[in-house]
Amino acid sequence: TTMDNMGSFSVLAYGLSMSFAVANLFAWFISVCYAYVANKLIVYHAFLWCWQDQTREFLRFILCRTASGVLETIGLYTFCVILRLPAFYMKASLTLFVLLINYFFSEKVIFSKNMGAGRTQISVLCRA
């Protein structure tokens, strides 16, 4: 997802001449969609069959990624617009910071209830 984010940002900011903030928001959205599927199915093997549990998990994921995305956007604006530092290098540094935050969120907030034996939870019956 990091490469996806950096690649999307580069194409949008430099290839399409979008502002850094707008390019970052679009790159973030593309990465979040990909990251949810990749984390859910490949990393955490979190198979939820109940749509209520699935919805709660997805909303937690979006909220946590929104928080880290807002931090990244504020940082990008501060470093690139206010301090006039090189955008690509600042984006790379902030991406590492966000990577650590997202790892923590995924482990402790989003998929933590799904990490039982074998990191799999299958909800057969939905809650009333």
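Please compute the modelled spin-label separation between residue 26 and residue 70, points set 7 Å along Cα→Cβ, answer in nm with one decimal.
Computed distance between label sites residue 70 and residue 26 equals 2.4 nm.
Which residues make up the longest stretch of the chain clear of trypsin sites (Lys or Arg not before Pro) that lie in a DSSP loop with no more than 14 other Cβ atoms within 10 Å, not counting the sites? Let's see the in-between values first.
Working: sites that count: 84, 127.
Here the longest segment lacking exposed loop sites spans 1-83.
Accessible area per residue, 1.4 Å probe, Å², for the chain: what's the number?
On the way: 7760 Å² over 128 residues.
On a per-residue basis, 61 Å².
Would you calculate, for the chain, the mean residue ellipticity at 222 nm contributed by helices, counting each DSSP H stretch of 4 or more residues as -39,500 (n - 2.57) and dividing by all residues, to the nearest 500? Could the numbers behind the result be given before it?
Working: 4 runs with 73 residues, N = 128.
Here the helix-only value at 222 nm equals -19500 deg cm²/dmol.
If r is the Cβ-Cβ distance from residue 16 to residue 88 and R0 is 22 Å, what FRET efficiency results, to the nearest 0.05? If you can, show how the numbers build up before the last one.
Working: r = 15 Å, r/R0 = 0.69.
For R0 = 22 Å, the calculated efficiency reads 0.90.
Under a 10 Å cutoff between Cα atoms, tell me which one of 95, 55, 66 has the largest fluctuation in the Gaussian network model of the chain.
Looking only at 95, 55, 66, the largest GNM fluctuation is found for 55.
Give, rounded to the nearest 20 debye, the magnitude of the charge dipole that the chain has about its Cα centre when Lys and Arg contribute +1 at Cβ and Asp and Glu contribute -1 at Cβ. Kindly include the intermediate steps, with their values, before the conclusion.
Working: 10 positive and 5 negative charges, 47 e Å.
Dipole about the Cα centre, nearest 20: 220 debye.
Of all accessible surface on the chain at a 1.4 Å probe, what whole percent is carbon and sulfur? Please list the in-between numbers first.
Numbers: 5810 of 7760 Å².
Carbon-and-sulfur percentage of accessible area, whole number: 75.
Which helices pass in the chain if a helix is a full DSSP H run, must span at least 15 angstrom along its long axis by Cα, and must have mean Kyte-Doolittle hydropathy not below 0.5? Please list the in-between numbers first.
On the way: long enough: 20-38 (26 Å, 1.74); 51-76 (36 Å, 0.10); 87-105 (26 Å, 1.53).
Counting only whole DSSP H runs, the qualifying helices are 20-38, 87-105.
Taking the chain, how much of its Cα-Cα pair set, in percent, is spaced more than 17 angstrom apart? If you can, show how the numbers build up before the last one.
On the way: 4762 of 8128 pairs.
Result for the distance tail: 59 percent.
The values are calculated or read from the model by the stated rules, or taken from the named source; none is laboratory data. Quick caveat, the model's predicted, so the values are computed rather than measured. Quick reminder, even Gly has a Cβ in these numbers, built from the backbone with ideal geometry, and neighbours come from all protein chains shown. When the accessible area is computed, the model is the full protein with side chains, heavy atoms only, and any ligands, DNA or RNA have been set aside. Shrake-Rupley method; radii C 1.70, N 1.55, O 1.52, S 1.80 Å.
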